[in-house]
Structure formats: C-alpha cells, structure tokens
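Note sheet for the following structure.
The values are calculated or read from the model by the stated rules, or taken from the named source; none is laboratory data. Quick caveat, the model's predicted, so the values are computed rather than measured. Ideal geometry is used to build each Cβ from the backbone, glycine not excepted, and the neighbour counts take in all protein chains shown.
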Amino acid sequence: MAQILAIDYGKVRTGLAVTDDLQIIASGLTTVPTKELIDFLKDYTKKNSVELFLVGEPKQMNNEASESEILIAPFVSQLRTFFPEIPIKRIDERFTSKMAVQTLIDSGLKKKKRQNKALLDEISATIILQSYLYNK
C-alpha cells in the first residue's frame, strides 16, 4: 500500500496531511505556501509512494459549492496534469476549520498559539483525512 495525501487548499497557505503506508493513521504533514504547493508535491511524491490525493471540497449548507471552489478547481486540474498516475478524490470539508479550532482549544494551547493559521490548516487537512479513513 501507499500513502493517502490530504490537501486543505487555501489561497495563501495549504495544509497537508498523510496516512502511514498501511492507511491506518492520519497525521499532519505540514503547511506550504500555496504558490509552492505543486513543487512541494513533486518533491514529496518522488520520495514517498502516494496512492491518492484527497482534496477538500468546500460546500455551503445547501450542498452547493462555496466561493472557494473557484480557486480549488484550477488547482485540481493542475494536479491531474502534473500527477496523472495518482487519482484524486474530493471530500466535503464543511466545518473542518471549526473542528480544527476546537481541537486546538481542547489540546490546551494558549490563545496566541491557537492563532497560528498554518497549524490550523494542517489540522484541517488531518481532519479531512481522518474523515475519509473513517468512512472508507
């Protein structure tokens, strides 16, 4: 087996999370400046076996695509171009940011550390990945 890599795409930063090779455990990987994301993924996939890209799909409460999808759709096209051998699945990412904030609060981090948006993006990607693994 190979890893599943989850992507919480953002305009400025993108949170990443991966599974272990047995696809049992989801762990935060890092947060990457979005403009450097494709290069990061090229390097990462050279060093690690990735079986699937899991990209968050932002939806509104009525199940329609959110405004963020305008930014994400071109990125998904780039993924298909640069990594044609790796399938892409989209997964609903509603509430992941709120869940990530609550995770930081529950972990006992001080308010200043909870304001670290990069950490928040990484945790959001991990929540997306955990959700996928749970429902797989």
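Computed quantities for the displayed model
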item	result
Test result for Glu85, surrounded by fewer than 11 Cβ atoms within 10 Å (Cβ to Cβ) and at pLDDT 75 or above	yes
Condition check for Val32: free of Cβ contacts under 8 Å to residues at least 40 places away in the same chain, in contact with a Phe, Trp or Tyr (Cβ under 8 Å, 6 or more places away or on another chain) and more than 21 Å from Asp92 (Cβ to Cβ)	yes
Criterion violated by Tyr44 - all others in (1) surrounded by 13 or more Cβ atoms within 10 Å (Cβ to Cβ); (2) in contact (Cβ under 8 Å) with a residue 60 or more places away in the chain; (3) over 13 Å from the mean Cα position of the chain (by Cα) satisfied	(2)
Test: Val12 is touching a Lys or Arg at 6+ places or on another chain (Cβ under 7 Å) and free of Cβ contacts under 8 Å to residues at least 60 places away in the same chain	no
